[in-house]
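Accompanying notes for the structure given below.
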Amino acid sequence: MLLIEIRILQTFNFSFLNYENSMKKIVGLLLFVMVYHTSLAQDKFTISGYIRDAQNGESLIGATVLIKELGTGVVSNVYGFYSITLPSDTYEVEYSYIGYSSQIKQLSLVENIKLDIELSSSLQQLNEVIISGEAEDENVSSMEMSTNKLDIETIKKIPAFMGEVDVLKSIQLLPGVSTVGEGAAGFNVRGGGVGQNLVLLDEAPVYNPSHLFGFFSVFNPDAVKDTKLYKGAIPAQFGGRISSLLDVRMKEGNNKELSTSGGIGTVFSRLAIEAPIIKNKSSFIVAARRSYIDVLAKPFVEELKNTGLSFYDLTLKTNYNLNDNNQLYLSGYFGRDVFKFDANQGFNWGSKTATLRWNHLFSDKLFSNFTLVYSKYDYQLAFGEDENDFFKWDSNVTNYIFKPSFTYYLNKSHEISFGGAMIYYQFEPANAAVGSGGDVINLSLGKKYNLESAVYINNNQKISNTFSVEYGLRFSSFQQLGAGTSYQYENPVIGESKVVTGFETFDKNEIIASYSNFEPRLSFKYQPNSKNSIKGSYNRMSQYIHLISNTTASNPLDVWTASSNNIAPQLGDQFTLGYFRNFSNNDFETSVEVYARNTQNQIDYIDGAEILINEQLEADLLSGIGRAYGVELFVKKNSGKLNGWISYTLGKTELKVEGINNDDWYPTKFDQTHNLKIVGFYDLNKRVSISTNFSFVTGTPTTFPTSRFMMQGVLVPHNSYNSRNNIRLPNYHRLDLSVRIDGKKVKKGKPRKVEDYFSVGVYNLYANRNAFSIYFSQSEGRFQPNQPIPSQATKVSIIGTVIPSISYNFKF
């Protein structure tokens, strides 16, 4: 993979030189700042190190390092590293993390100190572990806003479909996050589309994060350490999508001792093994899952003998601590869904990712990470009678990524981040063929090649005890590359397919089209006291690849395409303002955030557009502007026997595209006026707890016919007003319930080596038949001559009944 990256850089000299020159300027500027600061601060010294879990050696993300005499501190980064520079003196330093016993160190700072800390889990079972892994006042004191973090212990307690722990379903219970219904892959954030979310698994992009059409996520809970969703105020180091970022971090693996965990559920089973390779130096984790409905049913149902209905995934990670200044990480994911109707018909899709990372400490104050990523998403469709009469199609998108990133801890008031990224895209829109009577016609489309690069710099600055700012700038560029053909179109009738007026062919690696954008980021926090804060932010995001879908819900066969001479990159500008307050000694967290987002170059399609295997797809696409605005309310209780949260979002999302809806604004298919989620946990005793969640969401916009006509005796619904999303489906509401029964901690007077629990749940407790779609058709039966033919509306519900479940989970 490294050789591929080198060849890419050698081939595209123009892009690389721009990238290299920009990086040189940033590095040069930072070196000047470091030298200048060092010359002025010879009497200052740095405390740095890593904070880890004493039981398994896992790094603790967001652990707090507090300098008590100064009332200030820092938090550990995603690798558990911290660094703080202070004047020479004696300090009392407190290391803490919710759910863990704090450690206090008395340090005489007369030289730089490297101090690694291992925190032990609290003997007392703190209720805060259920809700958060953050500092008690994180809601108020952190610079972050429009950001939600769910630790895996919280996710495991939330009632889920078929009793299976699910990361994606859990984040949909947060303010500003929604989905168009059951059976919908992905999620929507603040009115953004599914394809406008950047989903990362150990820094590798995941193009379809769902199994089984959205009912389950691809993230194995036994391998997940941290989940963080950015809805706004996105730091400059991230880019590529205009709506949100979901950053999922995997466990490194237990470097103390062998540990095994897993579960047996209604739909699938899972198993994870983690252990040290070299104790306290190197470890690994392997986690696997597979569904088994097809395995259990085939012996009893004859019709299922040649079919397949399954999904599986394998998650792996290993790490090696070379020395105090260098650490390597290697992780990968392999997953697939298979729907096979018989020996010749069906479809499947899957993802593969690999991430190689090298952490290097240039000094106590300069932390770096270099990342190489490979990511591929592919999907296949086939049907037909035999090898003579068939249709076969497959498509894929492949990424090769290189990302250097640096963090310089200038002093206790400045944390500077800078770095860059290069992404090489390869799109294969269609490798297809159709056979009829032994004759085969090749329907394949040519591959598409693209290069995206970016550099960024960001500073998190504490101006005073009450006011902090974070500001940064990202510069991104994008090239559409040959070999390939670019088409020119004219549009004589707005809203209809464009007409080809010319074309031009390009050689390999020749630039067909090029774009570049500056992406400023700014956020602030004003905190007059320990209980209140006001935060605000602005960020501009650019997106150079697009998800094309003409269905109500995103599905695995939707088409990804890149910006070109006919498709401009999407741009998004978002403003947010929020008030944050804690009550009752931080037991209650509350927040109110308002947001407004304006978007450009939004992709939509003409009526009757051909999405699949269409060389002239760009002729069927339209471009417009979008707007989304709303308010999010969030109340969370952290402690006591009863805890949980309530989230409510009032929002509106619209598009305006010339040629659609009479050139007027119309709601997007994921516009939801009201979105209410209530999540509760109640501990009956030390072993039994009850969890519940309730959802109420305004119905999804859809397009209904406004008239009808007859064609050869057949009734045909028709939209005579050219309207788009002119009505809403009925409101969606659902109640789920689960009971968790923990196994005994002690058996016959001795502690049990196994930690286990049963989870019994009910999904859709009162069996509501929520509408996924409604379609119109001609009524069946005989009709009287010269009388209007009756029609009927049919409601489709994906889940229309109660779904019980039971699962057993263990760890030893």
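Summary table
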item: C-alpha long axis of helix 13-40 to longest principal axis of the chain, angle in °; result: 20
item: Most positive-pole-ward Cα, G193, I171, F215, against dipole of the stretch 138-248 from beta carbon charges; result: G193
item: Most to least accessible of Y100, Y408 (protein chains only, probe 1.4 Å); result: Y100, Y408
item: Which of N388, T794, N321, positive extreme of dipole for the chain (C-beta unit charges); result: N321
item: Spacing of the two label points (7 Å from each Cα toward its C-beta) at I774 and K811, in nm; result: 4.7
item: Under the Debye formula (equal points on every Cα, no solvent term), log10 I(q)/I(0) of the stretch 138-248 at q = 0.15, 0.18, 0.22 Å⁻¹; result: -0.60, -0.89, -1.37
item: Per residue accessible area of the stretch 490-598, 1.4 Å probe, in Å²; result: 44
item: Potential lengthening between F334 and K281 on full extension [0.36 nm per residue; Cα-Cα distance subtracted]; result: 16.5 nm
item: Cα→Cβ-extended label distance, 7 Å offset, between A343 and I625, nm; result: 5.9
item: Heavy atoms of F503: accessible area, 1.4 Å probe, square angstrom to 10; result: 140
item: With every protein chain in place, the chain: carbon and sulfur % of accessible area (1.4 Å); result: 57
item: Span from the the stretch 605-635 Cα centroid across to the the stretch 187-248 one, whole angstrom; result: 19
item: Cα Rg, Dmax (largest Cα-Cα span) when computed across the stretch 482-620, Å; result: 22.1, 69
item: Per-peptide average of other Cβ atoms within 10 Å, ordering 761-772, 394-405, 483-494 highest first; result: 394-405, 761-772, 483-494
item: Rounded to the nearest 10 Å², the accessible area of F390 at probe 1.4 Å; result: 40
item: Solvent-accessible heavy-atom area per residue, rounded to whole Å², over the stretch 138-248 at 1.4 Å; result: 16
item: Kirkwood-Stokes translational diffusion coefficient of the stretch 583-622, alpha-carbon pairs, 37 °C, 0.692 mPa s, µm²/s; result: 225
item: Length added when fully stretched, E490-L314, from 0.36 nm per residue minus Cα-Cα; result: 58.6 nm
item: 3J(HN,Hα) from dihedral phi, the stretch 213-218, Karplus parametrisation 6.51/-1.76/1.60, rounded to Hz, x for glycine, proline; result: 6, x, 6, 9, 9, 7
item: In degrees, nearest ten, helix 2-11 long axis to first principal axis of the chain (Cα); result: 70
item: Eligible aspartates and glutamates near K281 by straight Cα distance, threshold 18 Å, same-chain separation 8 or greater; result: D53, E58, D116, E118, E252, E257, D324
item: Ellipticity estimate at 222 nm from DSSP helix runs (n ≥ 4, -39,500 (n - 2.57)) divided over the chain, nearest 500; result: -2000 deg cm²/dmol
item: Candidate values (1) 10, 20, 16, 11, 13, 12, 11, 6, 1; (2) 14, 48, 32, 6, 0, 0; (3) 13, 41, 39, 7, 0, label of the one derived for P(r) over Cα pairs in 20 Å bins from 0, in percent; result: (2)
item: Förster radius 45 Å - calculated FRET efficiency between Y292 and R708, Cβ distance, rounded to 0.05; result: 0.45
item: Extension gain, L322 back to A433 (0.36 nm per residue minus Cα-Cα distance, nm); result: 34.9 nm
item: Ordering of 221-229, 105-113, 743-751 by packing [mean C-beta count within 10 Å, highest first]; result: 221-229, 105-113, 743-751
item: Residue list for the stretch 490-532, given a label point 7 angstrom along the Cα-to-Cβ vector of N614 and an amide N cut-off under 14 Å; result: 495-500
item: In nm, spacing of pseudo-spin labels at A596 and V110 (7 Å Cα→C-beta vector); result: 5.9
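The values are calculated or read from the model by the stated rules, or taken from the named source; none is laboratory data. Note that the structure is a prediction, hence the values are computed from the model and not measured. FYI the Cβ positions are ideal-geometry reconstructions off the backbone, even for glycines, and counts take in every protein chain you see. When the accessible area is computed, the model is the full protein with side chains, heavy atoms only, and any ligands, DNA or RNA have been set aside. Shrake-Rupley method; radii C 1.70, N 1.55, O 1.52, S 1.80 Å.
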